[in-house]
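The values are calculated or read from the model by the stated rules, or taken from the named source; none is laboratory data. Quick caveat: nothing in here was measured; it's all calculated off a predicted structure. Here the Cβ is made from the backbone with ideal geometry for all residues, glycine too, and neighbour counts use every protein chain on show. Remember, those area values only see protein heavy atoms, side chains included, never the ligands or the DNA or RNA. Shrake-Rupley method; radii C 1.70, N 1.55, O 1.52, S 1.80 Å.
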Amino acid sequence: MTFAAVLRGAVLALGVLTGAQAALADAPPKVMRYAFPVAESGFDPAQLSDVYSRVIAANIFDAPLTYDYLARPVALRPGTTVGLPEISADFRRFTFRLKPGIYFADDPVFQGKKRELVAADYVYSIKRHYDPRWKSPNLFNFENAKILGLSELRAKTLKDKTPFNYDTEVEGLKTLDRYTFVVTVAEPMPRLAYQFADAAMTGAVAREVIEADPDHAMEHPVGTGPYRLAAWRRSSLIALERNPNYREVYYDAQAPADDPRSQAIASRLKGRRLPLIDRVEVSIVEESQPRLLAFLNGEHDWIERLPPELTTSVVVGGHLLPNLKKRGLQLERAIGVDISYSYFGMDNPVVGGYTPEKVALRRAMGLAYDVQGEIMQVRKGQGMPAQAIVPPQMAGYDPAFKSEMSEHNVAKARALLDLYGYTDRDGDGWREQPDGSPLLIEYAASPDQQSRMLQEVWQKSMDALGVRIEFRIAKWPEQLKSSRAGKLMMWGLNWSATVPDASDLLGLMYGPNKGQSNHARFDLPAYNTLFERQSVLPDGPERDALIHQAKRLGVAYMPYKISAHRIVNDVMQPWVIGYRRHPYLRGSWQYMDIDLDLRARATSP
């Protein structure tokens, strides 16, 4: 325990302030300020799908497990558990044992009493994803895991049109005692534990809080995590403050031996009680230029994911501009564990289907699409061409794998369309379908600047191919709703991995995930079989071979044109201490610190 922690404990225990103690108690709060480019939707783990709301939730709620903040390759660590889960030899039974003495943040529903976290809270929180009322966008993660009895309970609820019965015990999710719960699955799931390290999905909620006001669960988060919601002006400002009930957790991240920057952070912060920052204020600033200016003016402490269109005004050749480096700004740069893609609606009569001519159309459009043009013009060089659906920093990624996915060959694309009867029959300069009907591609898009730039790349690419394309503009939430209903012909998205497992991305092409993560609604029996077979195998050559086959099927049938893995640039002020981008950990604010003296000197007139 640090001296400061001991001193604070003495102040509370004795109720007497010496001069030194008074100075510590009166220290100004550490407030970190930054901005989201997109408004939040709410903070209920059972209902969240957007990345920004999930970031907030991950700092309020606790999953059973977490990640070591600095360890690379990433490593699981206990969160609210006394250790990592006990896993049966057949990878079907996972036993989680909680630490006693963990408490939820105070809330009126607790009637002035401390509310302890117990195993039943995790059982309830997981069941909520199966409750049709919440329309959980993360349900597919649990259903793919095949937790015994829960899908059947959901099906019965839908059939009977009755409220979901949380008190029905199922074989796959049980409490053994006050602090122990067990998850049992139908088939081996060697990597299931990763799902229990995402606080924005498997964070524990208190049943009485939800049931006291279920219609406002998105607005009323009460968790056991390092922060609690202090203020919220929807689409404007989100403020979190230190949770007074947060248990004693001390900085103990393990830095890689070959990473001197992380080694220095670990040495500086080791042993300090978390969270290090007292308050986090997040503004919503949708336009990228004002967001960057607020950062450069010192109004924000860091800017996460520097907008590509502004990269060259901050970063050149992978380094900060000399004038910014002189100011002491810090750059964190990494390949994102994500994909940028455009999907083809497989149920759409024009671009969908599995017959040779439909496959040829999608592959030809993929070949004609200028991936390098997207990376240079839209992303300003901040990306690398994708070869398949599995990104770097993930089991199943093969840097030696090369495919047609990244190929730009208009001549080959034209020949492919000619071969399958997509020709210009009436001489108007545009190709028709093989049966002579018009060929018109409708691409769903948003009105923002980056989307407009992507539209230009698609327009130019399709013009070169002789394929007419039109863009249907609507705001992102509207497009998402239409996409999940299978109403879009094409749409472009980014997908960030949530766990270090290829199944997370391969699931985008798994048939049963249609209407959830599988926006393309791709449903190929051969692919589904490969997905299911690799899911039950431990990591190793046999699984790698199946993942390789699955990736090749994705390239061959082209339900997704995967263009790039983004390069992420995060820039911090000189007074920000301890930040390293973690590929999967969303609840990272507790590990960051602010040097108030340095900030005061740097921002004084």
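Residue-by-condition table, conditions (1) of a type in the set (Gly, Ala, Ser); (2) in contact with a helix residue (DSSP H, G or I) (Cβ under 9 Å, 6 or more places away or on another chain):
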residue	(1), (2)
99	no, no
113	no, no
123	no, no
140	no, yes
156	no, no
160	no, no
163	no, yes
172	yes, yes
180	no, yes
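Does at least one position in the range 36-44 carry a residue that is more than 29 Å from residue 233 (Cα to Cα) and either buried (at least 22 other Cβ atoms within 10 Å of the Cβ) or at pLDDT 95 or above (or both)? I'd like the intermediate steps shown before the answer.
Residues of the range 36-44 more than 29 Å from residue 233 (Cα to Cα): none.
No, the range 36-44 has no match at all.
Quick one: in the range 120-158, which of the residues that are part of a helix (DSSP H, G or I) and among the acidic types (Asp, Glu) is nearest to residue 503 (Cα to Cα)? Lay out the reasoning, then the answer.
Restricting attention to the range 120-158, the residues satisfying the condition of being part of a helix (DSSP H, G or I) are 120-128, 132-134, 139-145, 150-158.
Narrowing further to those that are among the acidic types (Asp, Glu): 121, 143, 152.
Working: 121: 27, 143: 13, 152: 23 Å.
Checked the range 120-158; the qualifying residue nearest to residue 503 (Cα to Cα) is 143.
Across the range 433-445, what is the total count of residues that are open to solvent by less than 70 Å² (accessible area, probe 1.4 Å) and not in a loop (DSSP other than H, G, I, E, B)? Reasoning before the result, please.
Filtering the range 433-445 for residues open to solvent by less than 70 Å² (accessible area, probe 1.4 Å) gives 433-434, 436-437, 439-445.
Of the ones still in play, those that are also not in a loop (DSSP other than H, G, I, E, B) are 440-445.
Number of matching residues: 6.
Do you know which residues across the range 118-162 are in contact with a strand residue (DSSP E or B) (Cβ under 6 Å, 6 or more places away or on another chain), open to solvent by less than 20 Å² (accessible area, probe 1.4 Å) and of a type in the set (Gly, Ala, Ser)?
119, 145
Consider residue 184 carefully, then state whether it is open to solvent by 10 Å² or more (accessible area, probe 1.4 Å), more than 11 Å from residue 122 (Cβ to Cβ), over 26 Å from the mean Cα position of the chain (by Cα) and of a type in the set (S, T, N, Q).
Numbers: open to solvent by 10 Å² or more (accessible area, probe 1.4 Å): yes; more than 11 Å from residue 122 (Cβ to Cβ): yes; over 26 Å from the mean Cα position of the chain (by Cα): no; of a type in the set (S, T, N, Q): yes.
For residue 184, the condition - open to solvent by 10 Å² or more (accessible area, probe 1.4 Å), more than 11 Å from residue 122 (Cβ to Cβ), over 26 Å from the mean Cα position of the chain (by Cα) and of a type in the set (S, T, N, Q) - is not met.
Go through 152, 171, 143, 116 for me and flag whichever is within 26 Å of residue 242 (Cβ to Cβ) and of a type in the set (D, E, K, R).
Numbers: 152 fails: within 26 Å of residue 242 (Cβ to Cβ); 171 fails: within 26 Å of residue 242 (Cβ to Cβ); 143 fails: within 26 Å of residue 242 (Cβ to Cβ).
Matching residue, one of 152, 171, 143, 116: 116.
Regarding residue 400, is this residue among the small types (Gly, Ala, Ser) and assigned to a loop (DSSP other than H, G, I, E, B)? Break it down into steps so the answer makes sense when it comes.
Values: among the small types (Gly, Ala, Ser): yes; assigned to a loop (DSSP other than H, G, I, E, B): yes.
The answer is yes for residue 400.
Return only the number of the condition from (1) farther than 30 Å from residue 159 by Cα; (2) of a type outside the set (Asp, Glu); (3) surrounded by 14 or more Cβ atoms within 10 Å (Cβ to Cβ); (4) under 23 Å from the mean Cα position of the chain (by Cα) that residue 104 does not satisfy.
Among (1) farther than 30 Å from residue 159 by Cα; (2) of a type outside the set (Asp, Glu); (3) surrounded by 14 or more Cβ atoms within 10 Å (Cβ to Cβ); (4) under 23 Å from the mean Cα position of the chain (by Cα), the lone unmet condition for residue 104 is (4).
Please specify each residue of the range 476-494 satisfying the condition of being closer than 13 Å to residue 442 by Cα and open to solvent by 90 Å² or more (accessible area, probe 1.4 Å).
Correct list: 487 only.
Considering only residues that are of a type in the set (Gly, Ala, Ser) and farther than 27 Å from residue 534 by Cα, look in the range 397-432 and name the one that is surrounded by the fewest Cβ atoms within 10 Å (Cβ to Cβ).
We begin by selecting, within the range 397-432, every residue of a type in the set (Gly, Ala, Ser); these are 400, 403, 406, 411, 413, 415, 421, 427, 429.
Retained after the next criterion (residues that are farther than 27 Å from residue 534 by Cα): 411, 413, 415, 421, 427, 429.
On the way: 411: 10, 413: 25, 415: 13, 421: 15, 427: 6, 429: 9.
Result: 427.
How do the pairs read when you match residues in the range 283-294 that are among the aliphatic types (A, V, I, L, M) with residues anywhere that are part of a helix (DSSP H, G or I), using Cβ under 7 Å and keeping only pairs 6 or more apart or on different chains?
As it stands, the answer is 285/291; 285/294; 292/310, since those pairs meet every condition given.
Within the range 507-543, how many residues are closer than 15 Å to residue 390 by Cβ and crowded, with 16+ Cβ neighbours inside 10 Å?
Kept after step one, since they are closer than 15 Å to residue 390 by Cβ, are these residues of the range 507-543: 507-510, 517, 527, 530-531, 534-535, 539, 543.
Applying the additional criterion that residues be crowded, with 16+ Cβ neighbours inside 10 Å yields 507-510, 517, 527, 530-531, 534-535, 543.
Result for the range 507-543: 11.
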